[in-house]
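Pasting a structure here, questions to come.
Bear in mind these aren't lab numbers, they're just calculated from the coordinates by the rules spelled out. Just so you know, these numbers come straight off a predicted model, no measurement behind them. Positions of Cβ are generated from backbone atoms using ideal geometry, with glycine treated the same way; all protein chains shown enter the neighbour counts.
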Number of protein chains: 2
Amino acid sequence: MYLLIFILEMKGEQYTLKDLAKALNLSVSTVSRALRNHPDVNEATKKKVQQFAEEVEFQKNPIASGLRKHKTNAIGVIVPEIANYFFSQVIDGIQTIAYQAGYNVLICVSDESLEKEQAITKHLVNSRVDGLLVALSVETNHYEHFDFVNRKNVPLILIDRVTDQVPASTITTNNYEASFEAVEYLIHQGHRQIAHIAGPKGQTITRQRLQGYLDALKKHAIDIQEQLIESGGYTQEGGEACAKSFWTLGEKPEAIFAVNDRAAIGAMRFFKSVGVAIPDQMSIIGFNNNPMGEIIEPNLSTIVQPQFEMGASAAQLVLEQINQEEYTHQHLTLPSKLAIRKSTL
Amino acid sequence: MYLLIFILEMKGEQYTLKDLAKALNLSVSTVSRALRNHPDVNEATKKKVQQFAEEVEFQKNPIASGLRKHKTNAIGVIVPEIANYFFSQVIDGIQTIAYQAGYNVLICVSDESLEKEQAITKHLVNSRVDGLLVALSVETNHYEHFDFVNRKNVPLILIDRVTDQVPASTITTNNYEASFEAVEYLIHQGHRQIAHIAGPKGQTITRQRLQGYLDALKKHAIDIQEQLIESGGYTQEGGEACAKSFWTLGEKPEAIFAVNDRAAIGAMRFFKSVGVAIPDQMSIIGFNNNPMGEIIEPNLSTIVQPQFEMGASAAQLVLEQINQEEYTHQHLTLPSKLAIRKSTL
DNA sequence: AACGTTACCGAAAACGTTTGCAAAGAATAT
DNA sequence: ATATTCTTTGCAAACGTTTTCGGTAACGTT
């Protein structure tokens, strides 16, 4: 037995159940059961096995186990980009929960490309992930690749960048209400000419945040002006362009609600470059609580979302679904809230 | 055969080699070989098999394959934090290369904690990753957990946050030279009282960047003043505290070289808060090219590092080592360069 | 006609678990 | 005393590949 240990340690290899069984004079099956605390095995032998396994630092081979149990103990994650504060926080949340539960996380980046998203989705399913978490790319406008996921019976959760076009659970924040609140805040501050830098067309987020904007105006009987709504993508450049365009208008806006902080920051940069004072001449509210908002001057008012919790909830949910034979799709909405800083008056 | 297809599709299951073999009236081994383009199999049958596999979208089970080949086709990555521009870029680079090579990436976060780093290291090795990429946590001051990695013969690459205390390949940037260049730049601009916000004690990065600072001063015959060197961690708060401390000095610095952008930004915020003009009264240079540097005003001069390439090179290297029986540790140093913006005069 | 090569293929044994089933022994009930 | 159950264990068959070791057929060489 100790010779065995010695040899294996020298080879840098792992013990197997067989090794333990041989050393303990038991069968492989009892050792296996003992280690998993199966009720069928005697307490005394259980203790003996577990103790010995501990002692020699036995680690069962998850590959073999996975093969037999048809599970990999891994969940796949697809995000549009990773060098992005929002998504990296989400990933952090996913990672934390998954790690605690003994699951590994396979992270992939779609790079905002539908084609890559499709390829990666297939790849992950073929890698036999036990569950899949996805934030859709901007390009994604059809969804057959997720049919594939469903056909293979792997639980799918959409995070933040969601759609109702695919049967799946979703984790989002209350985009509509938060937007409504932000715009209403601007109205309460006395603004009437309020513009909106919208997100990419077709996105659920874009639609919901726009709707919040529209309904807030409507509630306060403010006319909706088409030229005050412009789509700028999710980027700083987009925000900059929208701001520029707004500034050519005859009746210029006094306030802007942007679909996210990057766009808001782009707008701020434009206004600064042309000498428009923020917040005196122009109030701006973003969305996301990007740390850049606390660096830029004046500090950006924004809507703070619980990114980490979104990831954590998504992970939690997918783990539940993995362990259930049957489950129904859930749609969680987490609260986000307005944080007024210095870019609004 | 088509009944088979039908049944499997209905069950949402995967084909196996056995299924293909049966359908094609061949043995499992030939099918396996055909799919892997083994020379031992006739071109005609090879074509037939491959075509059929394509047709029914056969995907071999990587778990089974992994079990047999003692490989998982996965590499582990440990970073101190993920919601961090530098590391998320590195991860992006790793991810890109690994994905191309058909490898999965398991990302874990040590949260700057030695304890977590140890636990994760063990976990990943026990998950049988084929290789491991690590950026050390700040707390890491002993390294036994990596002996474990080496004993199990899994290739280990240290990225950026490295040490010479563990036998492993490393990927870094030319910290010393870049720091030297930055400080020399400040000297050329006429500054003599140059302070350094250093990194956490014990870190290789801290040591190298400090040495660059020291040697630049030495070269230009400028006395080194202990009170102009202070360790501030890698954080904004740390930078802020150091700046504050420098500002209490009788002979105040005219310029600061900071170990990274976060610290530099912290310093800038302090100086702004007390009305010290940047760059007129105080020049500042950071390190990392954090996008915040282009948001803060004045825009931060910094040293730009090829983060993505660092990740990519690390991935490339570990893949090479995975596929070699014997390999020697390599130490790659990638170039980084000074980017002068508006925070220096 | 006997032998050696070569090209192709299959049987079967791995890889290290998990699990259904049987079996043996102990304990309880009849 | 036998019959029944319960507890504890082991056997062996999976899981889906890869790979070793032959084996067969066809061909060319003596």
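Obtain the nm distance between the two label points defined at B:Arg36 and A:His70 by a simple spin-label model: each point lies 7 Å from its Cα along the Cα-to-C-beta direction.
Each label point is offset 7 Å from its Cα along the Cβ direction, giving 2.5 nm.
So which residue, out of B:Pro62, B:Pro80, B:Pro306, gets the largest mean-square fluctuation from a GNM of chain B using Cα contacts under 10 Å as springs?
B:Pro62
Still on this structure, please answer the following. Measuring from label point to label point, each 7 Å out along Cα→Cβ, what is the B:Glu144 to A:His188 span in nm?
About 5.8 nm separates the two model spin labels.
A follow-up question, please. For each of A:Phe180, A:Phe148, count neighbouring Cβ atoms within 10 Å of the residue's Cβ, then give the residues from fewest to most.
On the way: A:Phe180 21, A:Phe148 17.
By the 10 Å Cβ count, ascending: A:Phe148, A:Phe180.
Counting other beta carbons within 10 Å of each residue's own, what order do A:Met268, A:Met310 fall into, fewest first? Mind dumping the intermediate values first?
Numbers: A:Met268 29, A:Met310 24.
Listed from fewest to most nearby Cβ atoms, that is A:Met310, A:Met268.
For the protein assembly as shown, just say rounded, prolate or oblate: build the C-alpha gyration tensor, square-root its eigenvalues into a ≥ b ≥ c, call rounded for a/c under 1.5, and beyond that prolate if a/b exceeds b/c, oblate if not. Can you show the working numbers first?
On the way: a/c = 2.18, a/b = 1.32, b/c = 1.65.
The shape class here is oblate.
Assuming 0.36 nm per residue, please report the length gained on full extension of the stretch A:Arg151 to A:Lys219 beyond their Cα-Cα distance.
Details: separation 68, 0.36 × 68 = 24.48 nm, distance 4.46 nm.
20.0 nm is the gain from fully extending A:Arg151 to A:Lys219.
Classify the range B:276-339 from the C-alpha gyration tensor, please: rounded if a/c falls under 1.5, else prolate or oblate depending on whether a/b exceeds b/c.
In terms of gyration-tensor shape, prolate.
Also, I was wondering about something else. What does the charge count near A:Ala339 come to, summing +1 for each Lys or Arg and -1 for each Asp or Glu among other residues with Cβ under 13 Å from its Cβ? Can you show the working numbers first?
Working: positive: A:Lys337, A:Arg341, A:Lys342; negative: A:Glu181, A:Asp261, A:Glu294.
For residues surrounding A:Ala339, the net value is 0.
Could you put A:Asp92, A:Asp147 in order, starting from the residue whose Cβ has the fewest other Cβ atoms within 10 Å? The partial results should precede the final answer.
Working: A:Asp92 21, A:Asp147 11.
So the ranking, lowest neighbour count to highest, is A:Asp147, A:Asp92.
Check the straight Cα-Cα distances from B:Lys46 and name the aspartates and glutamates below 20 Å, setting aside those fewer than 8 residues away within the same chain.
Hits, sequence-local ones excluded: B:Asp19, B:Glu54, B:Glu55, B:Glu57.
Given a cut-off of under 8 Å on Cα pairs at least six residues apart, what relative contact order in percent is computed for the range B:32-102?
Working: 22 pairs, mean separation 10.5, N = 71.
This gives 15 percent for the range B:32-102.
May I pose another question? Among A:Ile107, A:Ile75, A:Ile197, determine the one that fluctuates most according to a GNM of chain A built with springs between C-alpha atoms less than 10 Å apart.
A:Ile107
Right, another one. Excluding A:Gly202 itself, calculate the net charge of residues whose Cβ lies under 14 Å from the Cβ of A:Gly202, where each Lys or Arg counts +1 and each Asp or Glu counts -1. Please report the intermediate quantities before stating the final value.
Working: positive: A:Arg161, A:Lys201, A:Arg207, A:Arg209; negative: A:Glu112, A:Glu139, A:Asp164.
Taking every other residue near A:Gly202 into account, the sum is +1.
Quick one: label points 7 angstrom along Cα→Cβ at B:Lys244, distances to the other copies in nm, smallest first?
Distances to the matching label points in the other copies: 4.2 nm.
Please report, in whole Å, how far the alpha carbons of the range A:175-305 spread along each principal axis, starting with the longest.
33, 32, 25 Å, listed from the longest principal axis down.
Something else now. Using the reciprocal of the averaged 1/r over all distinct C-alpha pairs, how large is the Kirkwood radius of chain B in Å? Present the calculation step by step, with values, prior to reporting the outcome.
Numbers: mean 1/r = 0.0436 Å⁻¹.
For chain B, inverting the mean 1/r across all distinct Cα pairs yields 22.9 Å.
Among B:Ser245, B:Ser32, B:Ser273, whose mean-square fluctuation peaks in a Gaussian network model of chain B (Cα, cutoff 10 Å)?
The residue with the greatest mean-square fluctuation here is B:Ser32.
Counting only DSSP beta bridges with both residues in the protein assembly as shown, tell me the antiparallel percent, nearest 5. Numbers along the way, then the final one.
Values: 7 of 69 bridges.
Antiparallel bridges: around 10 percent, rounded to the nearest 5.
For the range B:309-345 and the range B:203-245, what is the separation of their Cα centres, given in Å?
So the separation of the two Cα centres works out to 25 Å.
Sticking with this one: Which whole number gives the average, over all residues in A:288-295, of C-beta atoms from other chains lying within 10 Å of the residue C-beta? Walk me through the intermediate numbers first.
Details: counts 0, 0, 2, 6, 6, 1, 4, 12.
Per residue, the number of nearby Cβ atoms from other chains is 4 on average.
For peptide A:323-333, compute the average count of partner chain beta-carbon atoms within 10 Å of each residue's beta-carbon. Let's see the in-between values first.
Working: counts 0, 0, 0, 0, 0, 0, 0, 0, 0, 0, 0.
Counting Cβ atoms of other protein chains within 10 Å of each residue's Cβ and averaging gives 0.
Select from the range B:231-278 those GluC sites (Glu not before Pro) which occupy a DSSP coil region and have at most 14 other Cβ atoms within 10 Å, ordered by residue number. Before the final figure, lay out each step's value.
On the way: sites: B:Glu237, B:Glu240, B:Glu251, B:Glu254; in loops: B:Glu251, B:Glu254.
Here the GluC sites (Glu not before Pro) that fit, given the DSSP loop and packing criteria, are B:Glu251.
In nm, one decimal, shortest first: how far is the label point of B:His38 (7 Å from Cα along Cα to beta carbon) from the matching points in the other copies?
Label-point distances to the other copies, shortest first: 3.3 nm.
Could you give, in nm with one decimal, how far A:Val274 is from each other copy of that position, shortest first, with labels 7 Å out from Cα toward Cβ?
Here the equivalent label points are 3.9 nm apart from this one.
So which trypsin sites (Lys or Arg not before Pro) in the range A:240-287 pass both tests, a DSSP loop state and at most 16 other Cβ atoms within 10 Å of the Cβ?
On the way: sites: A:Lys244, A:Arg262, A:Arg269, A:Lys272; in loops: none.
Passing sites in the range A:240-287 do not exist.
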